[in-house]
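Colleague: I'd like to ask you about the structure that follows.
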Amino acid sequence: MAEESSEENDLEKLLSEYQAVQEQLRTFAAALDQLQNQKEEIERAKQEINAATGKVYISVGGVIVETTKEKALADLNERAEMTSLRISTTTKQYNELKNKEQQLGSKLTQLYKSQ
């Protein structure tokens, strides 16, 4: 009977951990989606600046200031690079969590079958 209680505790712990990992996966998926949207927005801004024939303005701390196309593009390129790095890091973390979720899912399946 003590052995059965121990297995139930193990199952509850695994199930709790599995649910926590799934919640983390949802969080990372939302973050990745947001980062992809930022990257697309930066690319659209770069296209607009390249196509611009007049003055170029950027927003700095809630204030819009005039700048050169070169400075605006340099700023956008830097932001694009940082966003790509964050996407890469977040994707790596997401994939690690996905592997952990699969391992926990396998353990849970084995525990359910053994009961």
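Colleague: Here are the criteria: (1) of a type outside the set (F, W, Y); (2) surrounded by 12 or more Cβ atoms within 10 Å (Cβ to Cβ); (3) under 28 Å from E23 (Cα atoms). Tell me which single one L73 does not satisfy.
Modeller: (3)
Colleague: Do we find that K46 is basic (K, R) and modelled with pLDDT under 95 in this structure? Lay out the reasoning, then the answer.
Modeller: Details: basic (K, R): yes; modelled with pLDDT under 95: no.
No; evaluated as a whole, the condition is false for this residue.
Colleague: Looking at the structure I just gave you, is L14 of a type in the set (A, V, I, L, M, F, W, C), surrounded by 13 or more Cβ atoms within 10 Å (Cβ to Cβ) and either touching a residue at least 60 places away in the same chain (Cβ under 8 Å) or out of contact with any His (no Cβ under 6 Å at 6 or more places or on another chain) (or both)?
Modeller: On the way: of a type in the set (A, V, I, L, M, F, W, C): yes; surrounded by 13 or more Cβ atoms within 10 Å (Cβ to Cβ): yes; either touching a residue at least 60 places away in the same chain (Cβ under 8 Å) or out of contact with any His (no Cβ under 6 Å at 6 or more places or on another chain) (or both): yes.
Spelling it out, L14 is indeed of a type in the set (A, V, I, L, M, F, W, C), surrounded by 13 or more Cβ atoms within 10 Å (Cβ to Cβ) and either touching a residue at least 60 places away in the same chain (Cβ under 8 Å) or out of contact with any His (no Cβ under 6 Å at 6 or more places or on another chain) (or both).
Colleague: Now, a different point. Among all residue pairs at least 6 apart or on different chains, which show Cβ distances below 9 Å where the first residue, located in the stretch 100-112, is within 18 Å of E7 (Cα to Cα) and the second is among the hydroxyl-bearing types (S, T, Y)?
Modeller: Cβ pairs passing all conditions: L104/Y18; G105/Y18; K107/Y18; L108/Y18.
Colleague: Could you check how many residues of the stretch 42-66 are on the phi < 0 side of the Ramachandran plot and either in a loop (DSSP other than H, G, I, E, B) or touching an Asp or Glu at 6+ places or on another chain (Cβ under 8 Å) (or both)?
Modeller: Qualifying residue count, the stretch 42-66: 7.
Colleague: Kindly indicate the residue of the stretch 36-55 that is of a type outside the set (S, T, Y) and over 20 Å from E81 (Cβ atoms) and also surrounded by the fewest Cβ atoms within 10 Å (Cβ to Cβ) among those meeting that condition. Walk me through it before giving the result.
Modeller: Looking only at the stretch 36-55, we keep the residues that are of a type outside the set (S, T, Y), and these are 36-52, 54-55.
Cutting the leftovers down to over 20 Å from E81 (Cβ atoms) gives us 51-52, 54-55.
Details: A51: 7, A52: 12, G54: 5, K55: 9.
Among them, the one singled out is G54.
Colleague: Between residues in the stretch 17-37 that are closer than 26 Å to R79 by Cα and residues that are polar (S, T, N, Q), which pairs lie under 7 Å by C-beta distance while being six or more apart or on different chains?
Modeller: Every condition considered, the pairs that remain are F28/T90; F28/Q93; A31/T90; L32/T90; L32/T91; L35/T83; L35/T90.
Colleague: Sticking with this structure for a sec: Consider L25 carefully, then state whether it is within 30 Å of E66 (Cβ to Cβ), aliphatic (A, V, I, L, M), at pLDDT 95 or above and out of contact with any Gly (no Cβ under 7 Å at 6 or more places or on another chain).
Modeller: So L25 fails the test.
Colleague: Follow-up question, since we're still on this one. What's the number of the condition A45 fails, among (1) under 30 Å from K13 (Cα atoms); (2) in contact (Cβ under 8 Å) with a residue 24 or more places away in the chain?
Modeller: Against the list (1) under 30 Å from K13 (Cα atoms); (2) in contact (Cβ under 8 Å) with a residue 24 or more places away in the chain, A45 comes up short only on (1).
Colleague: Would you tally the residues in the stretch 33-57 being more than 30 Å from T90 (Cβ to Cβ) and not hydroxyl-bearing (S, T, Y)?
Modeller: Applying the first criterion (more than 30 Å from T90 (Cβ to Cβ)) to the stretch 33-57 yields 51-57.
Restricting the remaining residues to those that are not hydroxyl-bearing (S, T, Y) gives 51-52, 54-56.
Of the residues in that region, 5 qualify.
Colleague: Moving to a separate point now. Those residues that are of a type in the set (S, T, N, Q), at pLDDT 95 or above and farther than 16 Å from V21 by Cβ, I need them from the stretch 76-115; list them, please.
Modeller: Selection gives N77, T83, S84, S88, T89, T91.
The values are calculated or read from the model by the stated rules, or taken from the named source; none is laboratory data. Owing to the predicted nature of the structure, the values given are computational and were not obtained by experimental measurement. Note: ideal-geometry Cβ built from the backbone for every residue, glycine included; neighbour counts use all protein chains shown.
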